[in-house]
Amino acid sequence: MKNNQYRTISLMACVAVLLVGAQVSVANLAAASGLLADVAVMASQSSSALAAAANSGDVDAIVEAQARVDAVDAAMTEAQEAYSAMEQASNAGDEDAAASAADDLAAAKQKASDALSGIIPETNSQSDAQGSQDQADTGGPVREGEAPNVFDQPWETDGVRNAKQALFGTFWNASSQGGASFGERDATPQ
Amino acid sequence: MNRSSYIALMVVAGLGFSGALNSACAVEGSDQLIAEANKSISIAEDTVGEARAAIEAAKQILSTIPADSDQMVEVTEMLAKVKDNWALALEALDGAKESASKIPTASTAEIAGDYKLLATVNAGVALSGAEVVKTGVAFVEAVAADKVEALDIIRVAMQDSLAASSQVQFNYERVKSLITQKYSK
């Protein structure tokens, strides 16, 4: 008889622990959804700032605003991935993985916040720089001064310079002087 | 007293102590939660104020755009989105204030925290809605000033802004659903 009572009490205790655990997971997911919403708010703020910059006609302001939009978008993607990972970990009952994903989500929010205030991550600048190098490298013979950026201003931030370089690289490649076609043209008849 | 009665008594005492502790926390921590919620609401209110000013400016500017302008159809579409998001922003701001007003009277710290979360996310809905309004009005201004080169940038910015605003609303609904789920168990 006593054994049955102990068994019932143990069972109730287990159910209570499971319910509390589930509530903690749900509470964490709700807070995480709040963080994800915060990042999305920052994305709307950066887009609005880009629209205002476009209306101002100030090219530097447009380039800077575009760089911020790109960085916030990158942070938004990271935040969404972190949330998905957290949701899966919570559903699987893996609290460590869920906590790790929550940290990633908080880090993504910080990145978005930094980007919105003009602090563009170095990794983005490096990949942008690599991107413009890739665009400039057309596979043809290397020409001295290929894709020179006449708008480059050395005193500007790396993010702005890289974004300008990327824009100019695209323009250069589309021009008659740039692109693979130039290097592949036939020599003059002489 | 037999052993099972003793265990049951201890559980009840533990729950009672935990409840009392939670109530004490609600009183102690609610000021901080109220301050955080009010900060989010204040930021949203500022942006909604900017959006209101932008709408007033747009009313004046709109009359300067010729009725046979090539962009008139697009302007009309933008204004429809502006209208929807303006209504959404105002509604969400009211909702955020209502949630924040419930923090001081919440019976536990956990419930107070949930009201704070609802208030901040709803303030985010208001803020992103107001940003959509500002972006839409920027398009109208660009058309009126014949800034053709700006239109492409603003079009993309508007799409991004609408997508972001939808994300905020989606997450608000998710927060509400998760909180409801928590208390329905």
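Rule-based calculations on the coordinates, nothing more; no lab input. What you see is a predicted model, and the numbers here were worked out from it, not measured in a lab. Heads up, the Cβs are rebuilt from the backbone with ideal geometry, glycines too, and the neighbour counts pull from every protein chain shown.
Can you give the local net charge around A:A71? Use residues other than it whose beta-carbon is closer than 9 angstrom to its beta-carbon, Lys and Arg +1, Asp and Glu -1. Neighbour charge sum, excluding A:A71 itself: -1. Peptide packing: for B:47-55, B:114-122, A:62-70, the average count of neighbouring Cβ atoms within 10 Å per residue gives the ranking B:114-122, A:62-70, B:47-55, highest mean first.
Rounded to the nearest 20, the Cβ-based charge dipole of segment B:58-185 about its Cα centre (Lys and Arg +1, Asp and Glu -1) stands at 780 debye. Subtracting the Cα-Cα distance of B:E74 and B:Q32 from 0.36 nm times their residue separation leaves 10.6 nm of extension gain.
Length gained on full extension, B:A53 to B:Y183, computed as 0.36 nm times the residue gap minus the Cα-Cα distance: 42.7 nm. Using θ = phi - 60° in the Karplus curve 6.51 cos²θ - 1.76 cosθ + 1.60, the 3J(HN,Hα) couplings for segment B:166-182 round to 5, 4, 5, 4, 4, 5, 5, 4, 5, 4, 4, 5, 5, 5, 4, 4, 4 Hz; x is entered for Gly and Pro.
Each label point was placed 7 Å from the Cα along the Cα-to-Cβ direction; for A:D103 and B:Q60 their separation is 5.4 nm.
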